[in-house]
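*Asks:* Below is a structure I'd like to ask you about.
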Amino acid sequence: MIRVGFGLDALFCGSLITTGFCLFYLFWLYRKEISALYLGGICSLAALFYIIPVLVKTAALNQGAAAAIEHGSLYVLALLFCLYISKIKEAAWPLASLLFLAAIAGNDVLLYLNVISTIRLLPSGLLIFVFVQAFMLFKRLTKTSIQASQSFAQLATYERFVPNEFLINLNKKNIVDVRLGDNTEKSMSILFSDMRNFTVFSESMTPEENFKFLNSYLTVMGPVIRKHNGFIDKYMGDAIMALFAASADDALSSAIEMLRKLVGYNEGRARAKYRPVSIGIGINTGSLRIGIIGEHDRMEATVISDAVNTASRIEGITKKYGVPLLISGATYSALQDASKYKMRRIGTVKVKGKEQWTPIWEVFDADPPDCSNYKLELASTFEEAVSMYESRAFEAAYDLFQNCYVRNPHDKPAKYFIDKCWLNMKRPESYEGVGIARRIIYERSDDDSDVE
């Protein structure tokens, strides 16, 4: 027979361990809602409810029932405290189950003291209590799982506005880690694409039709850029600015496929009796700063560099030459194997604000087969003519450009240089003038004029 004093000591130790576990379980369950201060309050209540039984030495009570009352009272008060402080709706379930457990424990105590004549309910009550706790935990974990799924969905939504590639280049795990002013330097290829005569399209449509038109076009082009390891930095109305960190070949391959996709897109527009769309693409390669600009309440991911400005200017030059795709000399040099592409040097230009001349290459892989084959066959002749033009040998250059144009009447750059050669032969004194110089000075203005 165990002595009463020893029994109470054993009960005290066991109760202390059990309630410590209960407190840990409670804190884990509501760890986001309960701060360290609140947990300290619960522990203070626990200390009070363990000092009282030791002082009173309730030996007359059934030890199991006394422990149930003790644990139940402490746990009920702890949950009441948690419910009052944090206003947690989920606490109603464990609170109700614990009140039920306290009630049936009281029944067993009164039954033991022969105050009432009922049956023992504590074993069944404990089973119900455990079931309720398991159910509550299941609900809590289910809610956590749903919140996690919602969080992933939100992150996926954020990526539509801030590409994940931006975060990767900034060495950030997710968008919440981004801070104003974060930036890093990278070497990338920049692709600018712009729709020709968009104002004409826009004026003939309602605002809603404009949105539908732009979205239908961008829906075709966006996947092509991502397919070639690029990401879209921003949309500027009908214009697209995309970045390619892996290689210049990705940018060029993307541009070629964009032009080929445009053919299919225009076929669909023709069936619907809409006007065809034409675009110009310029690509440049160089170092840039990628980062976050703005202010505390409005931030934006962007890139800043002369290389970006040059890419935009090169895209604008496509209108002057009448071609859909031009690349800079820096991009040409960055290609792994330039011979894989159909291209020819089309001249050297000076863009606004730059002192250095930039060589420009036309890439015509996406041209109609007859036109691209003629351009490829006459590429050496055309480049020789460009060199003569730059050397001021206008008559010789004129004859070579004329030869290219006669063989291929769709060669718009050849026609452009024919007109320039003729003008220089008639007005040699104007050779140093802007737009007629050995190298054409290009400045892009608000009205999209190509040459000053």
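Laboratory data are not the source of any read-out in this text; all were calculated from the coordinates shown. Quick caveat: nothing in here was measured; it's all calculated off a predicted structure. Quick reminder, even Gly has a Cβ in these numbers, built from the backbone with ideal geometry, and neighbours come from all protein chains shown.
*Asks:* If r is the Cβ-Cβ distance from residue 296 to residue 149 and R0 is 22 Å, what FRET efficiency results, to the nearest 0.05?
*Replies:* After rounding, the FRET efficiency stands at 0.15.
*Asks:* May I pose another question? When the label point is put 7 Å from the Cα of residue 356 along its Cα-to-beta-carbon vector, which residues of the stretch 325-349 have a backbone N closer than 16 Å?
*Replies:* Inside the label zone: 328-335, 348-349.
*Asks:* Can you work out the FRET efficiency for the pair residue 219 and residue 377, with r the C-beta to C-beta distance and R0 = 56 Å, to the nearest 0.05?
*Replies:* According to the calculation, E is roughly 0.95.
*Asks:* Given the pairs 350/420; 320/420; 320/342; 375/426, which span a C-alpha to C-alpha distance of over 22 angstrom in this model?
*Replies:* Pairs exceeding the cut-off: 375/426.
*Asks:* Rounded, prolate or oblate: pick one for the stretch 361-431, where a ≥ b ≥ c are the square roots of the eigenvalues of its C-alpha gyration tensor, a/c under 1.5 means rounded, and failing that, prolate if a/b is larger than b/c, else oblate.
*Replies:* prolate
*Asks:* While we're here: Test of understanding: extend the Cα→C-beta vector of residue 168 to 7 Å, then name every residue of the stretch 228-266 with backbone N under 11 Å from that spot.
*Replies:* Within reach of a label on residue 168: 229-231, 245-246.
*Asks:* Using all Cα-Cα distances in the stretch 182-366, what percent lands in each 5 angstrom bin from 0 up to the longest?
*Replies:* Pair shares across the bins are 1, 8, 17, 20, 19, 15, 10, 6, 2, 0.
*Asks:* Now for a separate question. Roughly how many nanometres apart are two label points built 7 Å out from the Cα toward the Cβ at residue 124 and residue 141?
*Replies:* Distance between the two pseudo-spin positions: 2.9 nm.
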